[in-house]
1. For the range 131-143, check the following and say yes or no: at least one residue is surrounded by 15 or more Cβ atoms within 10 Å (Cβ to Cβ), assigned to a helix (DSSP H, G or I), out of contact with any His (no Cβ under 8 Å at 6 or more places or on another chain) and on the phi < 0 side of the Ramachandran plot.
2. Among residues belonging to the range 53-66 that are open to solvent by 80 Å² or more (accessible area, probe 1.4 Å) and not in a loop (DSSP other than H, G, I, E, B), point out the one that is nearest to G119 (Cα to Cα).
3. Restricting the search to the range 62-118, which residues are within 19 Å of the chain's Cα centre (by Cα) and of a type in the set (K, R)?
4. Would the range 83-91 turn up any residue that is surrounded by 10 or more Cβ atoms within 10 Å (Cβ to Cβ) and closer than 30 Å to A37 by Cα?
5. From the list V69, V120, which residue is open to solvent by 40 Å² or more (accessible area, probe 1.4 Å) and in a helix (DSSP H, G or I)?
6. Would you confirm whether or not the range 34-52 contains a residue that is part of a loop (DSSP other than H, G, I, E, B), under 16 Å from the mean Cα position of the chain (by Cα) and either at pLDDT below 95 or over 19 Å from P122 (Cβ atoms) (or both)?
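The values are calculated or read from the model by the stated rules, or taken from the named source; none is laboratory data. Everything numeric in this text was worked out from a predicted model, so none of it was measured. With ideal geometry, Cβ positions are generated from the backbone for all residues, glycine too; neighbour counts draw on all protein chains shown. Calculation scope for accessible area: heavy atoms of the full protein, side chains included, ligands and nucleic acids excluded. Shrake-Rupley method; radii C 1.70, N 1.55, O 1.52, S 1.80 Å.
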Amino acid sequence: MAPNRGLGYAAAVQVKGETLPDERRTVRAPSHSTPHAFDALHEAVAAFAEARDWRQFHTPRNLATCLAVEASELLELFMWTRDGEGPHPPGAGPPDARAVEDEVADVLISLLNFCAVSGVNPLAAARRKLAALEHKYPVALARGSAIKDPTRAD
């Protein structure tokens with residue numbers, strides 16, 4: 001179980017040294033975006049699953065499947081919509097912003113669960129990948145271009 005490190009939210013089962021009964025367990029992550037907040041969110045997600053004894057179902061395959069399904073649900077919100085300014089035919093306008101936020105949250109939570117089970121540090125992995133992309137797509141060759149390999153002239 002993730003320890004409560006005094007991060008200003010109830011992520012662990014204990015709050016102020018008191019073990020909470022199941023119906024009083026809450027998970028509230030801070031609303032600001034800092035590396036500290038990311039760690040707090042990661043701990044909150046872990047505590048949420050732990051409190052419900054869901055780790056038994058969290059295998060890399062199950063969580064990768066979950067992540068793909070949640071990403072598909074995000075994509076589904078944009079199916080048959082039109083980009084740009086309206087007017088749009090009925091059902092072709094932009095998706096509801098709250099629905100998009102909810103699906104983005106589901107994708108992030110699924111990714112954090114996958115990373116926890118797979119031993120992946122998502123911030124370190126993203127930094128490493130971004131460095132590789134910086135090398136692969138130098139600004140001088142890639143700026144404003146949709147070409148997959150900027151070293152080739154297509």
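1. Of the range 131-143, the ones surrounded by 15 or more Cβ atoms within 10 Å (Cβ to Cβ) are 137, 142.
From what's left, assigned to a helix (DSSP H, G or I): 142.
Pick out the ones that are also out of contact with any His (no Cβ under 8 Å at 6 or more places or on another chain) and you get 142.
Filter again for on the phi < 0 side of the Ramachandran plot, leaving 142.
Looking through the range 131-143, at least one residue is surrounded by 15 or more Cβ atoms within 10 Å (Cβ to Cβ), assigned to a helix (DSSP H, G or I), out of contact with any His (no Cβ under 8 Å at 6 or more places or on another chain) and on the phi < 0 side of the Ramachandran plot.
2. Residues of the range 53-66 that are open to solvent by 80 Å² or more (accessible area, probe 1.4 Å), as a first pass: 53-54, 56-57, 61.
Then keep just the ones that are not in a loop (DSSP other than H, G, I, E, B); that gives 56-57, 61.
Details: Q56: 16, F57: 16, R61: 14 Å.
Here the answer is R61.
3. Selection gives R98 alone.
4. No, the range 83-91 contains no residue that is surrounded by 10 or more Cβ atoms within 10 Å (Cβ to Cβ) and closer than 30 Å to A37 by Cα.
5. On the way: V120 fails: in a helix (DSSP H, G or I).
When all the criteria are applied, what remains is V69.
6. Here is the first cut: in the range 34-52, the ones part of a loop (DSSP other than H, G, I, E, B) are 34, 52.
Those left that are additionally under 16 Å from the mean Cα position of the chain (by Cα): 34.
Adding the requirement that they be either at pLDDT below 95 or over 19 Å from P122 (Cβ atoms) (or both) leaves 34.
Within the range 34-52, one or more residues are part of a loop (DSSP other than H, G, I, E, B), under 16 Å from the mean Cα position of the chain (by Cα) and either at pLDDT below 95 or over 19 Å from P122 (Cβ atoms) (or both).
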